[in-house]
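These notes concern the structure reproduced below.
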Amino acid sequence: MKVLFIGGTGIISSACVDLAAARGIDLVLLNRGQGSRPVPSNVPVLKGDIRDSEATAELLRDMTFDVVVDFVAFTPEHIETDLALFRDRTKQYIFISSASAYQTPPLNWPTTESTPLRNPYWAYSRAKIACEERLMAAYRDEGFPVTIVRPSHTYDARSVPLDGKYTTLERLRTGKKVVVHGDGTSLWTLTHHRDFAKGFVGLLGNPHALGEAIHITSDEVLTWNQIVEILANALGVQANIVHIPSEVIATYDEAWGAGLLGDKAHSMIFDNTKLKRLVPEYVATIPFHQGAVEIVAWYKSHPALQQVDEKMDQLMDTMIAAYEAVRQHPA
């Protein structure tokens, strides 16, 4: 099976590359060669920019693939480029969408692939929905062999799954207060990228996945308070949490607020029955307490990357001080 990954060095795609290569898939990457995650030595890389469609067409020339996966398509314009490039080059095209495309806030749990797609809060999610709609129209109208994959919150050892990333981890480590949105009791699903890869690689070349949308998540459900406390425990400290409403956070930082109101502020529980039917061997085996230990160990072994975002650090201090002042002295 010959497979092309567009991207291949991101959080999600890097684990998929590793597993696909380990399973003997004839894998080729197309990217700009600027990723920081290593590529297996037996995986060739075509250096190019998918945004330059003419140069990409020249780079690919007469190459064809059993599967093409685009990990870096975010807008309908990106999809039009891919349709033009790969209509006659592949037997399966996989688009990486997002579970944030699902109805927000959700009206029913658990979320299944038949849950409506609607997110009025986050432009990122609306663009992913538009991509899905264009691809499904191509599937219906011309038989374009699309499979849509919807990851939820997927992480690896170097990606702290909290707003603020390493800055928040450092605040935990040093005993500073950290912000948790709402009251911290909304439910969330974290998926380790190696677990995601097990489900994803099973969809490559899978004829039952054509014309389908499938989300890939773990089955572990945690509150945001638990997520922070598990990271603190991995650091060997106690978490000093300050709860601030998502709407208040949004007044300080529009992008942070959009990611909360359009995604993380709402409980998300997933039913993975469809994935397990398509990939019977799929099971997520890495709980977050293990993933948290990996995160802490990775940063301890990479001191040069222990970089605090001073602007974010100051924003958190300002937000916490202002919110606590209002709570102590309400008007």
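Laboratory data are not the source of any read-out in this text; all were calculated from the coordinates shown. Nothing here was measured: the structure is a model prediction, and the numbers come from that model. Here Cβ is always computed from backbone atoms with ideal geometry, including for glycine, and neighbour counts include all displayed protein chains.
Observations
- With Cα atoms, 0 to 90° folded angle of helix 76-86 axis to the chain main axis: 30
- The loop-placed trypsin sites (Lys or Arg not before Pro) in segment 242-331, going by DSSP, include none that has at most 11 neighbouring Cβ atoms within 10 Å of its Cβ.
- Angle of helix 11-22 to the longest C-alpha principal axis of the chain, folded into 0 to 90 degrees and rounded to 10: 40°.
- Label-point separation in nm, Gln314 to Ser41, each point 7 Å along Cα→Cβ: 4.7
- Crossing angle, helix 310-328 versus the chain [Cα axis fit, 0-90 degrees, rounded to tens]: 50
- Helical runs (DSSP H, four residues minimum) scored at -39500 (n - 2.57) apiece and divided by the length of the chain put the mean residue ellipticity at 222 nm at -12000 deg cm²/dmol.
- Above-threshold pairs, the threshold being 23 Å between Cα atoms, out of Lys2/Lys128; Lys91/Lys198; Lys91/Lys274; Lys165/Lys300; Lys165/Lys311: Lys2/Lys128
- The order of the peptides 99-106, 204-211 by mean Cβ neighbours within 10 Å, most packed first, is 99-106, 204-211.
- If you take the Cα centroid of segment 83-130 and the Cα centroid of segment 7-33, the two points sit 22 Å apart.
- Those GluC sites (Glu not before Pro) in segment 221-314 that DSSP places in a loop and that have at most 10 other beta carbons within 10 Å: Glu281
- The chain, relative contact order in percent, only Cα pairs under 8 angstrom and at least six apart counted: 18
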